[in-house]
Amino acid sequence: MVDDEEKPTCDQLRSGQKHAIRSRVIAVKRMTKRERRRLALAVPEASEPYWRPLTRGDCEGVPRPCPFVACRHNLFLDIQSSTGGIKLNFPDREPDEMVDSCALDIAEEGGVTLERCGAAMSVTRERVRQIEERALAKVDAASPELAELVSGWAHPKGFSDAGG
């Protein structure tokens, strides 16, 4: 007999939860002085230069998972520019435990399913579809010529991605 109930993922089992593990935002404005000092010690000073990749070509020799969590393409965390908050996309994992750590690695694979994209970004399949729809609308509003070019890459409006 097949159980119709949805089984928890291995990440959910590891954390002991039966529901999806949600991302968490650390609000810098609400941090205590002590927490800010600890964070300042963990982050290298701007006056101390350290190497990190600036282009996709620089990433070729870097081992995976990518150790540069400050890179804008890294999936481990996001910095919210308006508030300065730090969003931990995968609060139950360390950066070196991630299977997919770079959005550019996933993009190089070519077209991926909404489920795969959602798992990489720690959002639902439906949220990925909504983001894709908004992005295509912005491209269409900005440049009809570019929208015509992009329409061959993305799903046409009304297309149902039932298979993934």
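The values are calculated or read from the model by the stated rules, or taken from the named source; none is laboratory data. Since the structure is predicted, the reported quantities are computational estimates derived from the model, not experimental observations. Cβ placement follows ideal geometry from the backbone for every residue including glycine, while neighbour counts extend to all protein chains displayed.
Just a few scattered comments:
- Which listed residue, of GLU132, GLU97, is in the same structural domain as GLU60 (by TED's automatic domain parsing) and on the phi < 0 side of the Ramachandran plot: GLU97
- The condition (being crowded, with 16+ Cβ neighbours inside 10 Å and either at pLDDT 85 or above or not in a helix (DSSP H, G or I) (or both)) is satisfied by just one residue among ASP140, ASP96, ASP100: ASP100.
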